[in-house]
Amino acid sequence: MSEELNQPPIAPTVRFGLRSMVAVTSIAAIFAAAAAPLSWGASEAAQRHLAVAWCTTLASVAATYVYYSYRSRHIPRKAGPVRYFGTTTWERPWSPEGPPLLFWIGVIASPGLLYLWFGHVAEDANRPDPSYGWTLWVGFFIGFMVAKVFRRMIPWPIAITDEGVVEYGKFLPWERFVRAECAADRSEIVRLHRRYRDYVGQGDPCIQFAPETESAGAAFLQERIAASSREG
């Protein structure tokens, strides 16, 4: 029995539920809105390049999410032993209080920006000696950027360790946070208030615990962050 208690918790699998389906369909819709008008009446060469760019973009999104999944399950040694696992979330996913402002700006601006990038692909395809190098680069770049914008719509594993939390494979020590606060109407969600932000519009991590660990996990977070604040 003692050996079982000493085993580290198992990282939860990425739950491709409603939020994940919305993210995937939103990405596909944005790509369609950006690339489809350009292919109407385009030359055969331009259509081939747009198809390559489309496929490369989708492959880049998939590869980026595989990378995030891999990183979220590998805990740096300096983080210490893992005590709990939760999943990333927004405190209120479908309200203005949830996603950061930069997320909504990215969603609104994505179709226009992708239209411009795919337009460059179509123009390059109509040159006397077109190259697929630019087409592939555009596909990989915009795929990575779109995946980064939409990544928070998918609940990724987040580890709570003795020394801090590990979000998307990045270790954040306890001194990076001021306090841990449970959502008023959702006790399974704990918001970690950052002491400072690395860039403008960066949101606070929100961790969603499973029902069997929400009380212990929330108490552990509040205790460790409070202790770090007293020491600081």
Label 7 Å along Cα→Cβ of Ala63; the range 142-161 residues with amide nitrogen under 19 Å?
-> 142-151
Quick one: net charge of Ala125's neighbours, Cβ under 13 Å, K/R +1, D/E -1?
-> -2
Restricting attention to the alpha-carbon atoms of the range 139-222, what are Rg (one decimal) and Dmax (integer), both in Å?
-> 14.1, 45
With a Förster radius of 35 Å, plug the Cβ-Cβ distance of Glu175 and Asn126 into 1/(1 + (r/R0)^6) and report the FRET value to the nearest 0.05.
-> 0.05
For the Gln222, Trp104 Cβ pair and Förster radius 30 Å, calculated FRET efficiency rounded to 0.05 is 0.50
Among the trypsin sites (Lys or Arg not before Pro) within the range 118-192, which fall in a DSSP loop and have no more than 14 other Cβ atoms within 10 Å of their own Cβ?
-> Arg186
Once the whole set of protein chains is in place, how much accessible area is left on Tyr84, using a 1.4 Å probe, in Å² to the nearest 10?
-> 50
How much solvent-accessible surface does Trp54 expose, in Å² to the nearest 10, with a 1.4 Å probe and all protein chains in place?
-> 80
Quick one: length gained pulling Phe144 to Ala210 fully straight, 0.36 nm per residue minus the C-alpha distance?
-> 20.8 nm
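The values are calculated or read from the model by the stated rules, or taken from the named source; none is laboratory data. Every value quoted in this text rests on a predicted model; they were computed, and no experiment measured them. Neighbour counts are summed over all protein chains in view; Cβ atoms, including those assigned to glycine, are modelled from backbone coordinates with ideal geometry. The accessibility values were calculated without ligands, DNA or RNA, using every heavy atom of the protein model including side chains. Shrake-Rupley method; radii C 1.70, N 1.55, O 1.52, S 1.80 Å.
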